[in-house]
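Written out below as structure tokens is the structure these notes cover.
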Amino acid sequence: MENIFTDLAALINGFLAGAPPWLQTLAMGIVYLVGVLAFIFLNAIYLIYLERKISAYMQQRIGPNRLGPHGLLQSVADAVKLLGKEDIIPRGADKWVFIIASVIIFIPAVMVYAIIPFGKGMIPVDLNIGVFYFLAVASMTTIAILMGGWGANNKYALLGSMRAVAQMVSYEIPLTFSLLGVIMLAGSLQTSQIVAAQSNVWYILLQPLAFLIYFIAATAEVNRAPFDLVEGEQELIAGPYIEYTGMRYALFYLSEYANLVSVSALAVTLFLGGWQGPWLPSWLWFLIKVYIMIFIFMWLRWTFPRIRIDHLLSFNWKVLLPLSLANILVTGVGIKIYQLLTLGRW
Amino acid sequence: MGNTSDLIQKLQDLFPGLKGEEGGAMPGLVVPADRLTALMQELKEQRGFNFLADVTAVDYPEGDKERIEVVYHLMAVPAATELRVKVSLDRQHPEIASLTGLWPAAEVQEREVYDLMGVIFTGHPNLQRILCPDDFSGHPLRKDFQPAATEGGQ
Amino acid sequence: MPDISTLAFWLLAAMTIAAAGAVVLLKNIVHSALYLVLTFVGVAGIYVLLQAEFLAAVQVLVYAGAVAVLIVFAVMLTRRGDIRASNLFNINYLAAAVVSLALFMVITMATGRMAWMATPGQAPASNVGAIADAFLGRFAIPFEIAAVLLLVAIVGAILLARGGKEEQ
Amino acid sequence: MLAVAKEDLYTQEIELNMGPQHPSTHGVYRALLTLDGEKVIKVENIIGYLHRGIEKLAEDRTYTQFIPYTARLDYLAGMLNNLGYVQAVEKLMGVAVPERAEYLRIIMAELSRIASHMIMVASMALDLSGWTAWFPPFRERERILDLFEMTCGSRITVSYMRIGGVAADIPDGFLPALEAFLNDLPGMIAEMNGLITGNEIFKARCQGVGKIDLETALAYGLTGPNLRACGLPFDLRKAKPYGIYDRFDFDIPTLSNGDSYDRFVIRLLEMEQSARIIRQAMAALPDGSVMAKVPRVLKPSPGEVYHQIEGAKGILGYYLVSDGSNKPYRLHIHGPSFVNLGALPRIAAGGNIQDFVVAIASIDIVLGEVDR
């Protein structure tokens, strides 16, 4: 069980033994991409179902229960329905910007998975700047939302993208800073090494504040309630996505869930010991931890009302940012003191 | 209500031409159109009728006295004493001073009366149709209003 | 079959130059700003080919993810009657062409006169540490000065945003 | 020093049509917002999308035939609308209503008030994206509707009141079900308090938002819970009791801030008081007929009457003019939502879009009554 995915990769690699090296790299890249895409799609489909079931459970409802056993096929049916919908492009829209935005939003959502260690030896690309790569690629989401919001030529969409910029650009800062504490402890940006460094103690115990800041900032980064101001269905209806229909709308939806999984996966990698755990296969541990994180995200969504935009921004600049800076300082001093105590030198 | 007749008496001294209507469930006053604002001001500021409960109008197209009556209901808060004030207007050119200066509550209600009954409230800040569409013609609550559907059917 | 990284380089270079051209030539200023993002991403791709992943990530995070977003944002919020014709040619293009051409000549001459040396061996697997050492060791003072400059900029921005006293 | 003239730094205002199809306008209502960024500078109400000309229709219906129309005004509190209308006609004709019918009317009216307030608290929570808090009120409201259905066969458009009484006596099983509902009501209110009232985000978004002081509120004609949230204990059930309200012991809850939060909380408090009234009415419910002897064809003698009751959303008034025929010569309905909505531009200006959504939810409009 432990090695089924790594064995599979080795098997495919074996087929390509005679091929030139560039072809091997390309083929394996495609294999990884397909794997990640399958992971994202399956997760998204299941997460939509899960979200509906969890919210139903919290709200004394039953939730989807008609299609398939316990309604498990509901999301599949919804996806099929969305595929069949008419693709409407508003007359006043900036056509290409509007069309491309729905595709572009999906690119960073997929790209960030490259550095996620899904299990022991199961990391698509073990980049030496791992965590930083994640942040850099994830920051591109803003531009896609901005393009969608502007391209639609709708006032609600424009207001939504204004919120997106204000919110996502400012929450990126505490998000990045909260990860610095972990990076300082691990002494590496490489996700595989950060996971390895947590074999004794998870960083959530050493960096509880950083975890909290990361969690809040990540909620804002992926636009989930109570920070879902970009969509704000009660005020902006769907914000930048208002004019999208059918599969284009579904792509935004899908990338939102992909982002939810990826920020949860990063939280697991950086704070919860990654794939490490006893008895079960490493990838299963990883999945379990990711799903615990996702459950907490969903719990929050169905519990809190939406925050107001000025509260959101002042909370970021006046609370999260100073706290994350203080956390870096405390971590640095702590590391030095620890080194002094254990090694006898700075 | 013993003191309502006193009130009406006093008001009649102040505003000649004012008629009192007693009996019925609610005391009423009938006032000439040009004295309305002054009377309302008196009622609001001196007599405690500080709340404009309702503004409406009734159309009387028949008889020798064809008229549109604008009916105001006032209330004293918190005593909950009620008072009705009526103004009779020329049916062809119904025009009356707006009460928005005294009660902002009059704004929407006078717009409604204008829309449905065609009474012009002079001095109203935004006298436009409120319930009917802007391009609607006629004032539906007038007795002689013919709905479009009936016209087509005839 | 050429080396895959050479192929990638030419593709990226072509994309970057084409995007940069589009920034200048397109009539819709929002499209220009969006092509600027593509230019930044292309440059980041070239950094990756040079095995400077950290630099590439910085390029994407700071330029494509933040600076370009702010530019696009500012452009979008600037009111224009017709955004489709908001980035037109005007008489200044002559002067601009002269300046750009001169700059291009200087750069070409400088690169032409440079003695390019192939570095022996592989690039280090991780250059993050080296960058950190450089920032906090040899170039600590410029680094700190830049930090002070940014602080001043932030304080200035806050003062501007707060507005005058009479508005409070 | 950077010297920038203030006139040079201006932002373009944009106009945003919120509605007529918008999830937070609670129906087909359009607000034309003038925005500076997200800040709402000016609000203009555009209504009438649901205008059905009910006042005109009344002139062509007999007095009894008009009863069903009233439940289609404020369709969230049908019983109260029924009550106001039949009491106006009774006042005009001088009809006395049997005791049992009076008590049943009180029970139904107060149940309707609770149901209406439940919709308000639920939808206000929902407008702030507090999805989960939407469900407890709707779960309990369902039981009220079941009670209505049990009695008159309808859930929303009840048409239960009659001129001179009520349409039907309550069936067996009604009182135990009502008792059970009343026993569970405090639990639901506690649930709401735990879910949303005490939530920090909810408080931060509602407190101080859409504030209006008592004097302005009175000038704008605000009534009902919206007025009581400004601090004035003015309730027609106490100030000028109609029906048999003078026989019951209940309080008028008031709060003093006049903001959206108080307008929300006061609804929860009023539900408790309504429950108190219902309990007393249940205990004192006499036996007997539920319908007075009234002629088959109602022809009130010429005259006019203005009858006001305390509706769920404010003072509901019926102005009735009779010319002696069997149809009203003129019927005017003073809907509290209509006037409360008229005060919205004053209440909501100055906040941002999110505050506007809160403000409109907090004044609790129902478009059936606004547009009539």
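Distance between Cα centroids, the range D:34-84 to the range A:203-244: provide it in whole Å.
Between the Cα centre of the range D:34-84 and that of the range A:203-244, the gap is 39 Å.
Write down the accessible area per residue of the range B:4-139 in Å², having rolled a 1.4 Å probe over the full set of protein chains.
Numbers: 5470 Å² over 136 residues.
Averaged over the residues of the range B:4-139, the accessible area is 40 Å².
Quick one, can you get me the convex hull of the C-alpha atoms of the range B:4-139 expressed as volume per residue in Å³?
Values: hull volume 15.8 nm³, N = 136.
Measuring per residue, one finds 116 Å³ for the Cα hull of the range B:4-139.
Enter the mean number of other protein chain beta carbons within 10 Å of the beta carbon of each residue in D:259-266, as an integer. Could the numbers behind the result be given before it?
On the way: counts 0, 0, 0, 0, 0, 0, 0, 0.
Counting Cβ atoms of other protein chains within 10 Å of each residue's Cβ and averaging gives 0.
Let me test this: with uniform point scatterers at the alpha carbons of the range A:132-218, what is the Debye-based log₁₀ I(q)/I(0) at q = 0.10, 0.21, 0.25 1/Å?
So the normalised log intensities are -0.35, -0.95, -1.18.
Tell me, what is the per residue accessible area of the range A:86-343 in Å², probe radius 1.4 Å?
Numbers: 8960 Å² over 258 residues.
With the other protein chains kept in place, the range A:86-343 gives 35 Å² per residue.
With Kirkwood's inverse mean 1/r over C-alpha pairs for Rh, give me the Rg to Rh ratio of chain D, two decimals please.
Details: Rg = 21.6 Å, Rh = 21.4 Å.
Here the Rg-to-Rh quotient is 1.01.
Label C:I17 and A:W96 with points 7 Å out from Cα along Cα→Cβ: what is the distance between them in nm?
Inter-label distance under the simple model: 2.0 nm.
Using mean Cβ contacts within 10 Å as the protection proxy, how do A:319-329, A:124-134 order, highest first?
Numbers: A:319-329: 16.3, A:124-134: 21.9.
Order by mean packing, descending: A:124-134, A:319-329.
Give me the extension gain from C:M117 to C:S100: residue separation times 0.36 nm, minus the current Cα-Cα distance, reported in nm with one decimal. Working shown, then result.
Numbers: separation 17, 0.36 × 17 = 6.12 nm, distance 2.82 nm.
Contour length minus the Cα-Cα distance gives 3.3 nm.
Calculate one ³J(HN,Hα) per residue across the range C:60-75 by plugging θ = phi - 60° into the Karplus curve 6.51 cos²θ - 1.76 cosθ + 1.60, and present them in order as whole Hz with x for glycine and proline.
Going residue by residue, I get 5, 5, 7, 7, 6, x, 10, 4, 5, 4, 5, 5, 4, 4, 4, 5 Hz, with x marking Gly and Pro.
Say we join alpha carbon atoms closer than 10 Å with springs in a Gaussian network model of chain A; which of A:I88, A:I123, A:I237 then has the biggest fluctuation?
A:I88
Report, to two decimal places, the Cα Rg of the range D:1-124 normalised by 2.2 N^0.38 Å (N = number of residues).
On the way: Rg = 23.1 Å, N = 124, 2.2 N^0.38 = 13.7 Å.
Against the empirical 2.2 N^0.38 Å value, I get 1.68 for the range D:1-124.
So if each residue of separation counts as 0.36 nm, and I subtract the Cα-Cα distance between D:K42 and D:T62, what length gain in nm does that give? Walk me through the numbers before you get to the answer.
On the way: separation 20, 0.36 × 20 = 7.20 nm, distance 4.34 nm.
Here the answer is 2.9 nm.
Ignoring ligands, DNA and RNA, how much accessible area is buried between chains C and A, both sides summed, with a 1.4 Å probe, to the nearest 100 Å²?
On the way: alone 13230 and 17190 Å², together 28180 Å².
Its buried surface, counting both partners, is about 2200 Å².
Given the rule -39500 (n - 2.57) for each run of at least 4 DSSP H residues, summed and divided by the residues of the protein assembly as shown, what is its mean residue ellipticity at 222 nm, to the nearest 500 deg cm²/dmol?
Values: 41 runs with 545 residues, N = 1040.
Result for the protein assembly as shown: -16500 deg cm²/dmol, rounded to the nearest 500.
Using only Cα positions of the protein assembly as shown, each an equal point scatterer, no hydration layer, compute I(q)/I(0) via Debye at q = 0.08 Å⁻¹ and quote the log10 values to two decimals.
-0.92
Give the lysines reachable from D:K39 as a straight Cα distance under 27 Å; neighbours fewer than 8 places away on the same chain don't count.
Within reach: A:K155, A:K318, C:K165, D:K6, D:K203, D:K211.
Which residues does a label at D:D213 reach in the range B:24-57, if reach means a backbone N under 11 Å from a point 7 Å past the Cα toward the Cβ?
Flagged as within label range: none.
Could you tell me the center-to-center distance, by alpha carbons, between the range D:281-330 and the range A:273-289 in angstrom?
When both Cα centres are located, 73 Å separates them.
What are the residues of the range C:12-38 that lose 50 Å² or more of accessible area, with a 1.4 Å probe, going from their chain alone to all protein chains?
C:L34
Apply the Karplus parameterisation 6.51 cos²θ - 1.76 cosθ + 1.60, with θ equal to phi minus 60°, to every residue of the range D:21-34 and state each ³J(HN,Hα) to the nearest whole Hz, in sequence, with x for glycine and proline.
So the J values, rounded to whole Hz, are 10, 8, x, 9, 8, 6, x, 8, 9, 10, 10, 8, 9, 9.
Could you tell me which of rounded, prolate or oblate describes the range D:331-372, using a ≥ b ≥ c as the square roots of the eigenvalues of the alpha-carbon gyration tensor, with rounded for a/c under 1.5 and, failing that, prolate when a/b is larger than b/c and oblate otherwise?
It comes out prolate by the Cα gyration axes.
Can you give the translational diffusion coefficient of the range D:189-276 in µm²/s, computed by Stokes-Einstein from the Kirkwood radius over Cα pairs at 10 °C and 1.306 mPa s?
On the way: Rh = 13.8 Å.
D = 115 µm²/s.
Under 10 Å, Cα contacts only: if you run a Gaussian network model on chain D, which one of D:A31, D:A167, D:A219 comes out with the highest mean-square fluctuation?
Result for chain D, Cα springs under 10 Å: D:A219 fluctuates most.
In this model, which of A:K53/A:K289; B:K143/D:K240; D:K56/D:K91 are farther than 31 Å apart at the alpha-carbon?
Details: A:K53/A:K289 19 Å; B:K143/D:K240 34 Å; D:K56/D:K91 22 Å.
Result: B:K143/D:K240 exceed 31 Å.
I'm a student and want to see the number: the projected area of the Cα convex hull of chain A, averaged over all directions, in nm².
Working: hull surface 82.2 nm².
Over every viewing direction, the Cα hull of chain A projects on average to 20.5 nm².
When all alpha-carbon pairs of the range D:73-155 are counted, what percent fall beyond 17 Å?
Numbers: 1818 of 3403 pairs.
Considering the range D:73-155, 53 percent of its Cα-Cα pairs are separated by more than 17 Å.
Taking both sides together, what accessible area is buried at the B/D interface, probe 1.4 Å, expressed in Å² and rounded to the nearest 100?
Between B and D, the summed buried area is about 3200 Å².
Can you figure out the FRET efficiency of D:N326 with D:D169, using R₀ = 25 Å and their beta-carbon distance, to the nearest 0.05? Please list the in-between numbers first.
Working: r = 27 Å, r/R0 = 1.08.
For D:N326 and D:D169, the calculated efficiency is 0.40.
Using only Cα atoms, find the angle between the long axis of helix B:36-45 and the longest principal axis of chain B, and express it within 0 to 90 degrees, rounded to the nearest 10.
On a 0 to 90 degree scale, this one is about 50.
Go ahead and collect, in residue order, the members of the range A:250-267 whose backbone nitrogen is under 20 Å from a label point 7 Å along the Cα-Cβ direction of A:L37.
It comes to A:250-262, nothing else.
Over the range A:86-343, what is the relative contact order in whole percent, taking alpha-carbon pairs under 8 Å and six or more residues apart? Write down the numbers at each step before the final one.
Values: 383 pairs, mean separation 69.7, N = 258.
Relative contact order comes out at 27 percent.
Ignoring ligands, DNA and RNA, what percent of the 1.4 Å accessible area of the range A:181-257 is carbon and sulfur? Before the final figure, lay out each step's value.
Working: 1470 of 2380 Å².
About 62 percent, which is the carbon plus sulfur part of the accessible surface.
Quick one: if the Förster radius is 60 Å, what FRET efficiency do A:A196 and D:E149 give, using the C-beta to C-beta distance and rounding to 0.05? Intermediate results must be reported in sequence, preceding the final value.
On the way: r = 65 Å, r/R0 = 1.09.
After rounding, the FRET efficiency stands at 0.35.
Any idea how far apart A:I62 and D:E200 come out in nm if each label point goes 7 Å out from Cα toward Cβ?
3.9 nm
From other protein chains only, count the Cβ atoms within 10 Å of every residue's Cβ in B:98-111, then give the mean.
Values: counts 0, 0, 0, 0, 1, 4, 9, 11, 5, 6, 12, 6, 0, 1.
Other-chain Cβ atoms within 10 Å of each residue's Cβ, averaged: 4.
For the range A:216-272, compute the orientation-averaged projected area of the C-alpha convex hull (one quarter of its surface), in nm². List each step's numbers first, then the result.
On the way: hull surface 16.2 nm².
Quarter of the Cα hull surface area: 4.1 nm².
Assign one of three labels to the range A:142-294, namely rounded, prolate or oblate, based on the Cα gyration tensor with a ≥ b ≥ c the square roots of its eigenvalues; rounded applies when a/c is under 1.5, prolate when it is not and a/b is larger than b/c, and oblate otherwise.
On the way: a/c = 2.95, a/b = 2.01, b/c = 1.47.
Judged from the Cα gyration tensor, the range A:142-294 comes out prolate (a/c at least 1.5, a/b above b/c).
I need the helices of chain D that pass two filters: whole DSSP H segments spanning 20 Å or more by Cα along the axis, and mean Kyte-Doolittle score no lower than -0.5.
Numbers: long enough: D:78-93 (23 Å, 0.34); D:99-127 (42 Å, 0.54); D:135-152 (25 Å, -0.36); D:174-192 (26 Å, 0.89); D:260-284 (37 Å, 0.03).
Going by DSSP H runs, the hits are D:78-93, D:99-127, D:135-152, D:174-192, D:260-284.
Tell me, what is the Rg over Rh of the range D:104-209, with Rh the Kirkwood radius over Cα pairs?
Numbers: Rg = 15.9 Å, Rh = 15.0 Å.
Rounded to two decimals, Rg over Rh is 1.06.
Considering every residue in A:217-230, what mean count of other chain Cβ atoms within 10 Å of its Cβ is obtained?
Numbers: counts 0, 0, 0, 0, 0, 0, 0, 0, 3, 5, 0, 1, 3, 0.
Partner-chain Cβ atoms within 10 Å, mean over residues of A:217-230: 1.
Taking Cα atoms, how many degrees apart are the long axis of helix B:2-14 and the longest axis of chain B, rounded to 10 and kept between 0 and 90?
Here the helix axis deviates by roughly 80 degrees.
Between B:D90 and C:V67, what is the label-to-label distance in nm when each label sits 7 Å out along the Cα-to-Cβ direction?
7.6 nm
Which FRET efficiency, nearest 0.05, do C:D133 and A:D126 yield, Cβ-Cβ r, R0 30 Å?
On the way: r = 23 Å, r/R0 = 0.75.
FRET efficiency, C:D133 to A:D126: 0.85.
The values are calculated or read from the model by the stated rules, or taken from the named source; none is laboratory data. Just so you know, these numbers come straight off a predicted model, no measurement behind them. No Cβ is skipped: glycine too gets one built from the backbone with ideal geometry, and neighbour counts run over all protein chains shown. Note: accessible area is taken over every heavy atom of the protein model, side chains too, but ligands, DNA and RNA are not part of it. Shrake-Rupley method; radii C 1.70, N 1.55, O 1.52, S 1.80 Å.
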